[in-house]
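Undergrad: Sharing a structure, written as structure tokens. Questions coming.
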Amino acid sequence: MTSDRRTAIGIFLLVFAVYALLAGGHTYSSDEEGLYITTQALVERRTPAIVVDDTNNGVLPITTGRTGAPVTVGGFGQSVAAVPLYVLGSIAGTGIRGGNYGNYPERLFVGWTNPIVTALGVVLVFLTTRLLGTERRWAVRLSLVYAFATYAMPHAKTFFSEPLSTTLAVSSLYFLVRSHQRSSFLDAALAGASIGFALHARASVGLFLPFLGVYLLWSWSRPRVLVPRALLAAVAFGGGFAVPLALLLVTNWWRFGKPLNFGYASIPLSYPVQEGLYGLFLSPGKSVLLYAPVVALGLASPFFVEAKHRAIVVLCVTMGLANAVFFARFPYWHGDHSFGPRYLIMSIPFWVVPVGLLLHRAAWRRALGVAAMVGVVVALLGSALYFNQYFHIAERTSVAKLEILDDGPNYWRKMHYEPYWSPIAGHARALPAVVGNSIDRLDGDDADLQEYPGTTNEQYGWYFAPPQLDSWVYWLFPTHGPKRFLLLVPVFLGLGLVGLRLLRPALRP
């Protein structure tokens with residue numbers, strides 16, 4: 001009998017290997033650039049204060065820090081999580097300094113942060129569904145659908161903070177369910193600690209806290225009303241939460257000078273909620289149902305799941321919907337520049353977990369198969385092409401004149417609401433050009449190829465055009481990057497093969 005632990009290791013190795021090979025090795029937004037330079041400052045100068053000059057001032061979202069020096073806006077957790085990989089990149093880059101590649105190795109290694117983080121999230125989806133009683137082979141398949149048939153895969157290429165906050169939130173759910181099943185106060189404390197550390201990556205994750213707390217009290221007071229027992233579990237949860245909360249307040253002070261300053265200006269929640277929800281669920285360019293088709297099954301699950309599981313299913317679905325409603329009121333609900341509705345990344349696993357409780361029925365297994373086939377095509381389209389390349393195409397070809405509206409440039413609206421300009425359709429149309437341009441540039445000697453620039457400002461836009469493949473393995477050639485890193489390709493392939501071998505027994509009936 002194969003163990004869940006062995007299967008979990010297999011899932012992690014397989015998913016991480018695929019994600020690591022697909023990673024771009026570059027940033028995808030100014031938000032990420034700010035997170036990266038904070039990691040650099042922590043390692044090189046032991047401070048969250050960053051250096052801003054005319055080489056990088058065009059792509060950094062900054063504010064004034066405690067000492068008066070600039071610091072970047074956003075969660076601190078993502079930058080801290082990348083520190084070990086930054087150090088490994090520095091070690092791996094020994095001997096190849098100079099030219100335009102001063103921090104190329106560090107950027108490459110930091111780019112593997114979210115492949116690791118998202119692969120761990122996939123493992124937690126598997127383990128949570130197993131706790132709830134899903135048969136092992138279907139729990140494996142469902143977790144792999146989450147990994148490879150939703151837009152979690154193209155977002156694993158980025159350095160956005162959503163994957164880390166999502167994985168930690170799912171960790172909280174996992175320990176919460178396990179605490180009830182094992183009557184474990186330690187697991188209750190770990191659930192609190194997980195959601196507390198998620199706040200370090202993205203403060204909006206605090207939205208999940210009351211839902212998790214209510215479920216904790218409800219589950220621990222069953223099957224009989226045992227108030228003292230439930231209160232003790234709540235104390236354990238709160239104790240676990242208090243540690244990362246205290247650390248968060250300290251790091252806020254260290255960065256911004258005030259414990260309750262999270263770095264963000266006030267976030268306007270003034271957008272009409274019905275329009276935001278339409279965009280998030282039904283628009284041709286941003287519907288989560290198109291970018292993660294398995295979500296449709298999860299949203300339907302409360303109406304079909306067995307009564308004994310309805311409470312946990314309602315919790316999961318409600319948490320995902322609460323996150324959607326929150327960001328539907330934000331003028332930038334779409335989260336562009338990104339592939340799919342960026343902020344709903346934090347909802348996806350909570351809508352995937354309940355599907356496992358339906359897979360004992362053949363009809364739902366067939367539905368999962370259909371969702372997987374559609375979803376993997378969309379995920380591959382988002383992974384093959386750097387999505388900002390398509391934004392560049394749409395900006396130049398979809399509107400006669402660029403205008404800035406209350407929710408972004410006018411060409412974004414075409415991408416959100418007109419099927420032809422949807423990124424899914426646009427990525428598909430661009431594939432022939434992607435293949436042709438990539439073949440032409442593999443030797444790095446194409447006459448039309450602009451030389452790889454040496455500053456952050458210039459490098460940020462260098463990847464935009466023309467459309468090409470988006471993998472660090474490919475980019476080493478047109479950038480004339482250090483080819484020694486190609487030695488990592490067989491390493492990742494080997495990890496993937498080991499993962500597949502570990503998974504094979506779990507997939508048998």
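Undergrad: How many angstrom lie between the Cα centre of the stretch 182-259 and the Cα centre of the stretch 1-49?
TA: 25
Undergrad: Using heavy-atom solvent-accessible surface (probe 1.4 Å) with all chains present, what is the largest-first order of VAL123, VAL250, VAL273?
TA: In descending accessible area the options line up as VAL250, VAL273, VAL123.
Undergrad: Also, I was wondering about something else. On alpha-carbon atoms, Rg over Rh for the chain using Kirkwood Rh?
TA: 0.96
Undergrad: Let me know the whole percent of all Cα-Cα pairs from the stretch 297-346 that are separated by more than 17 Å.
TA: Tail of the P(r) past 17 Å holds 45 percent of the pairs.
Undergrad: The stretch 72-175: Rg/Rh from Cα coordinates, Kirkwood Rh?
TA: 1.09
Undergrad: Given 37 °C and 0.692 mPa s, compute D for the stretch 372-420 with the Stokes-Einstein relation, Rh being the Kirkwood radius over Cα pairs; round to the nearest whole µm²/s.
TA: Estimated diffusion coefficient is 270 µm²/s.
Undergrad: Among PRO244, PRO210, ILE267, whose Cα lies farthest out toward the positive end of the dipole of the stretch 201-322, if unit charges sit on the beta carbon of Lys, Arg (+1) and Asp, Glu (-1)?
TA: Most positive-ward Cα: PRO244.
Undergrad: Next question, about the same structure. Which residues among the stretch 177-209 fall inside the zone where the amide N is under 14 Å from a point 7 Å beyond the Cα of LEU217, along Cα→Cβ?
TA: Label zone hits: 209.
Undergrad: Determine the share of the stretch 243-340's accessible area contributed by carbon and sulfur atoms, expressed in whole percent, with a 1.4 angstrom probe.
TA: Summing carbon and sulfur atoms, their accessible area is 72 percent of the total for the stretch 243-340.
Undergrad: Same structure, new question: Given +1 on the Cβ of Lys and Arg, -1 on the Cβ of Asp and Glu, and no further charges, what dipole in debye does the stretch 341-471 carry about its Cα centre, rounded to the nearest 20?
TA: That gives the stretch 341-471 a dipole magnitude of about 1020 debye.
Undergrad: How many nm separate the modelled label positions at ASP443 and VAL83, each set 7 Å beyond the Cα in the direction of the Cβ?
TA: Label-label distance for ASP443 and VAL83, simple model: 4.7 nm.
Undergrad: Here's a follow-up. Straight-line reach only, C-alpha to C-alpha below 24 angstrom: list the lysines that LYS157 could link to, leaving out same-chain residues fewer than 8 apart.
TA: Straight-distance partners of LYS157: LYS286, LYS483.
Undergrad: I'd like the distance separating the alpha-carbon centroids of the stretch 69-122 and the stretch 286-346, in whole Å.
TA: When both Cα centres are located, 30 Å separates them.
Undergrad: Next up: With all distinct Cα pairs included, what does the Kirkwood hydrodynamic radius of the stretch 272-397 come out to in Å, to one decimal, could you say?
TA: Taking every pair of different Cα atoms in the stretch 272-397, averaging 1/r and inverting gives 15.4 Å.
Undergrad: So, with +1 on the Cβ of K and R and -1 on the Cβ of D and E, and no other charges, what is the size of the charge dipole of the chain about its Cα centre, to the nearest 20 debye?
TA: 2440
Undergrad: Moving on. If you rank LEU488, LEU442 by how much accessible surface each has, with a 1.4 Å probe, what is the order from largest down?
TA: Most to least solvent-accessible, the answer reads LEU442, LEU488.
Undergrad: Then there's this: Just going by the charge dipole of the chain, with Lys and Arg at +1 and Asp and Glu at -1 on Cβ, which of PHE197, ALA82, PHE339 is farthest out on the positive end?
TA: Farthest along the dipole direction, towards plus: PHE197.
Undergrad: On to the next question. Given the Cα-Cα distance of VAL325 and ARG504 and 0.36 nm per residue of separation, how much length would full extension add, in nm?
TA: That pair, VAL325 and ARG504, stretches by 60.5 nm at full extension.
Undergrad: What is the Rg over Rh value, at two decimals, for the stretch 263-302, using alpha-carbon atoms and the Kirkwood definition of Rh?
TA: Dividing the radius of gyration by the Kirkwood radius yields 1.13.
Undergrad: Measuring from label point to label point, each 7 Å out along Cα→Cβ, what is the ALA363 to LEU282 span in nm?
TA: With each label point 7 Å from Cα toward Cβ, the separation is 2.5 nm.
Undergrad: What is the projected area of the convex hull of the Cα atoms of the stretch 205-309, averaged over all directions, in nm²?
TA: 10.5
Undergrad: Still on this structure, please answer the following. Could you check the simple spin-label distance between LEU493 and MET373, using points 7 Å along Cα→Cβ, in nm with one decimal?
TA: In this crude label model, LEU493 to MET373 measures out at 3.0 nm.
Undergrad: Please pull out the direction-averaged projected area of the stretch 139-224, using the convex hull of its alpha-carbon atoms, in nm² to one decimal place.
TA: Averaged projected area of the stretch 139-224's Cα convex hull equals 6.4 nm².
Undergrad: A further question on this structure: Taking just the alpha carbons, could you work out the radius of gyration and Dmax for the stretch 454-509, both in angstroms?
TA: Answer for the stretch 454-509, Rg first and Dmax second: 17.3, 55 Å.
Undergrad: Taking Rh as the Kirkwood radius computed over C-alpha pairs, what is the Stokes-Einstein D of the stretch 1-132 at 10 °C in a medium of viscosity 1.306 mPa s, expressed in µm² per second?
TA: 97
Undergrad: Per residue, how many Å² of accessible area does the stretch 391-460 show with a 1.4 Å probe?
TA: 55
Undergrad: When only Cα pairs under 8 Å and 6 or more residues apart are kept, what is the percent relative contact order across the chain?
TA: With pairs under 8 Å counted, the relative contact order is 21 percent.
Undergrad: Quick one: dipole size for the stretch 83-233, taken about the Cα centre, charges +1 on Lys/Arg Cβ and -1 on Asp/Glu Cβ, in debye to the nearest 20.
TA: Charge dipole, the stretch 83-233, about its Cα centre: 400 debye, nearest 20.
Undergrad: Take the chain, mark every one of the trypsin sites (Lys or Arg not before Pro) that falls in a DSSP loop and has at most 14 other Cβ within 10 Å, then report the longest stretch left between them, sites excluded.
TA: 225-360
Undergrad: Please report, as a whole percent, how much of the solvent-accessible surface of the stretch 182-242 comes from carbon and sulfur atoms (probe radius 1.4 Å).
TA: Within the stretch 182-242, the accessible surface is 75 percent carbon and sulfur.
The values are calculated or read from the model by the stated rules, or taken from the named source; none is laboratory data. These numbers come from a predicted model, not from an experiment. Cβ: placed from backbone, ideal geometry, glycine included. Neighbour counts: every protein chain shown. In case anyone asks, the SASA skips ligands and DNA or RNA and just uses the protein heavy atoms, side chains included. Shrake-Rupley method; radii C 1.70, N 1.55, O 1.52, S 1.80 Å.
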